[in-house]
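As structure tokens, the structure follows; a few thoughts come after it.
The values are calculated or read from the model by the stated rules, or taken from the named source; none is laboratory data. Remember, predicted model here, so these are calculated numbers, not experimental data. All Cβ positions, even for glycine, are placed from backbone atoms using ideal geometry, and neighbour counts span all protein chains on display. All accessible areas refer to the heavy atoms of the entire protein, side chains included, with ligands and DNA or RNA removed. Shrake-Rupley method; radii C 1.70, N 1.55, O 1.52, S 1.80 Å.
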Amino acid sequence: MPAAYDQYLVPVVFRPFAEDLAARAAAFQPRRVLELAAGTGVLTSSLLVAASSAHVTATDLNEAMVAFGSVRVPDAEWQQADAQSLPFPDGSFDLVVCQFGVMFFPDRRAAFAEVRRVLAPGGRFLLNTWGPLGTHAFGAALQAGLERAYPADPPQFLPTIPHGYSDPAVVSEDLTAAGFTIEERQELTLEGRAASAADVATGFLAGTPVRAAVEERGDAPGARATVIEEMTARLGPGPVSAPMTAHVFRGAS
């Protein structure tokens, strides 16, 4: 999964937002940065370029992602870690960043409280979350294909997890409950570009938990063909581009 995720989804879906978040991080001239849910390191590598004087500690709960990322971005310090129980002393970092990871935390308020604990006084927390599935053209096209392939029981990973924490008011409430002062909240739409709709379909079907959901339902090759057909019909043949909307938050400890 990490290899397919990194090859097909990272350049299209995640890199545009990683470059944006890294630029926001660099504006604070951080010295000690903690990244949560780092995945294969797309934000990590952008941080090392944008904030070149910072020491970056990249963490993820998934050991396979940590192993992949430590090879892909060796200049960061990599460590397996649970965001709800961070293995760092109080006040260890002056900046914590998380790109499209908080929606996977079972107890977000507990994770946010841990972030606040490991931040030094006056530290900042930068994070982003996806908007509703309908505001992400790649994801919406994929979900439409899955609903065609499995009309009785389509996989619900995309609408319930990546796009299931899409109300900025709820995110703000959770941050405030954990003790953060929200300094900025912005809706941001960026363009993703891919060689083909089939590449994006491959990324989702092979590099995310959608893979297991399809395998459980059976006829994975047939489902893949249906998804590619639907995504191509919606996005077009050949090189494709599509808008993707997210919410960006900055909290102060």
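Of note:
- Test: residue in region 194-203 that is over 18 Å from Ala246 (Cα atoms), under 17 Å from the mean Cα position of the chain (by Cα) and touching a residue at least 60 places away in the same chain (Cβ under 8 Å): yes
- For beta carbons closer than 7 Å, sequence separation of 6+ or different chains, a first residue in region 102-130 that is basic (Lys, Arg) and a second that is assigned to a helix (DSSP H, G or I) and open to solvent by 50 Å² or more (accessible area, probe 1.4 Å), the qualifying pairs are Arg109/Ala177.
- Residue match in region 105-118 (condition: within 15 Å of the chain's Cα centre (by Cα), within 30 Å of Glu230 (Cα to Cα) and open to solvent by 10 Å² or more (accessible area, probe 1.4 Å)): no
- The set of residues in region 185-213 being of a type in the set (Lys, Arg) and in a strand (DSSP E or B) consists of Arg185, Arg193.
- For the residues Leu175, Leu190, Leu142, the requirement of being closer than 22 Å to Gly39 by Cα and crowded, with 17+ Cβ neighbours inside 10 Å singles out Leu142.
- Any hit, region 64-76, residues being within 27 Å of Pro121 (Cβ to Cβ), at pLDDT 95 or above and surrounded by fewer than 19 Cβ atoms within 10 Å (Cβ to Cβ): no
- Among the criteria (1) assigned to a helix (DSSP H, G or I); (2) more than 14 Å from Leu146 (Cβ to Cβ); (3) among the acidic types (Asp, Glu), the one Glu230 does not fulfil is (2).
- Residue list for region 121-131, filter: open to solvent by less than 20 Å² (accessible area, probe 1.4 Å) and in contact with a Ser or Thr (Cβ under 8 Å, 6 or more places away or on another chain): Gly123, Phe125, Thr129, Trp130, Gly131
- Take the conditions (1) surrounded by fewer than 21 Cβ atoms within 10 Å (Cβ to Cβ); (2) over 18 Å from Phe93 (Cβ atoms); Asp6 misses just one of them, which is (1).
- Residue in region 135-152 that is in contact (Cβ under 8 Å) with a residue 12 or more places away in the chain, among the hydroxyl-bearing types (Ser, Thr, Tyr) and assigned to a strand (DSSP E or B) present: no
- When region 51-63 is filtered for residues that are open to solvent by less than 60 Å² (accessible area, probe 1.4 Å) and either at pLDDT below 95 or not polar (S, T, N, Q) (or both), the ones remaining, listed by number, are Ala51, Ala54, Val56, Ala58, Asp60.
- The residues listed here are Leu43, Leu48; of these, the one that is buried (at least 22 other Cβ atoms within 10 Å of the Cβ) and in contact (Cβ under 8 Å) with a residue 24 or more places away in the chain is Leu43.
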